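Read the figures in this text as sums done on the coordinates, not as results from a lab. What you see is a predicted model; the values in this text were computed from it and never measured. Glycine gets a Cβ as well: all are built from the backbone with ideal geometry, and neighbour counts include every protein chain shown.
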Amino acid sequence: METELDLRRRSFWARVELVTSGCWEWRGGTRKNGYGSFAIRKLDGVWTQTTSHRWAFVDQGGVIPDGYEVDHLCRNRPCVRPDHLEAVTLQENRRRRDTGYAPSVDRSPRPVPAFGPLPPLHGPERRKNRSKSLRKKHSDPPAWCVNGHEYAKVGWRSNGRNRLCGGCQDARTAAKRKGGAHGTETHCPRQHEYSKDNTRVRIRNGTTSRECKKCVRDRNRAAARRRAELRRAAA
C-alpha cells in the first residue's frame, strides 16, 4: 500500500521536467522570487510550504545542516536537480550572489525520478476521484462534532463555503432568541452561563465580542488530543 510519503514523492516528481540545459525544472507553483513552492505536512499534522529545490535535495539523499541554505550552482531557480544544488551557509550563499559565482555543472541529460502519473486534473475521471475523496473524508470518524452532536442525527448546514454542524447552528439560533438582541445572550450555544468568571471579552478591529471560557478550554483540549494522536501515528 502506498504511504503518504510515496504519495508526496509521486505528486512532486510528476511536476518536474527535464529541459535542454540539463536542469530538472519545477512546473508547479512558484513564489514571487522564482523559487518553486511545495506543500508538506509536519509531524503535528499542520501543512506548511517549503521550496521545491530544498525538498528535492533532501528527497534525493542530500543533507542540510541547521542554519544552512540550498544554493543553485546552475543559477536556475526552478531547477531541482540534486547535483545542481549544494547546502551552504547563509554567508556563503550571499557571497556567491554578490560575486556572481557560477561554477560549471553537469549538463548531461539525466531522467527525472518517476513514481507514476498523477490523477487527471480535468474531465470526468478527475471529478470521479474527487467525489470518492469527499465521500471518504465525510464518512471517516469522528462522527460527532467538538460540541458532542452526532452528525447522523443533527445533519449538516452550509454557509456557502463549508459544511457546518446542524446541532451547533440550531443551538446558536436558540441562544440568540433566548437572549433577545445579538450580544445580550445569557448563555453560550452549549448552555454555559455567561457569568463574570466564565466570560472573556475580545476586541478585534474595533468590534467587541464575548467568548465562553469553558467552550474555549474544551476546544483547546480536543485540539491537543488530535495533535497527540497524529504524533503517535507518525512515530
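Structure notes:
- Globularity index of the range 1-116, i.e. its alpha-carbon radius of gyration over 2.2 N^0.38 Å: 1.08
- Formal net charge of residues neighbouring PRO109 (Cβ-Cβ distance under 12 Å; K, R +1; D, E -1): +1
- Assuming charge only on the beta carbon of Lys and Arg (+1) and of Asp and Glu (-1), the dipole of the range 4-99 about its Cα centre is about 380 debye to the nearest 20.
- Cubic angstrom per residue, convex hull over Cα atoms of the range 46-105: 92
- Were the residues from ASN220 through ALA114 laid out at 0.36 nm apart, the gain over their Cα-Cα distance would be 34.0 nm.
- Among 25-34, 69-78, 164-173, the peptide with the highest mean count of other Cβ atoms within 10 Å heads the list, and the full ranking is 69-78, 164-173, 25-34.
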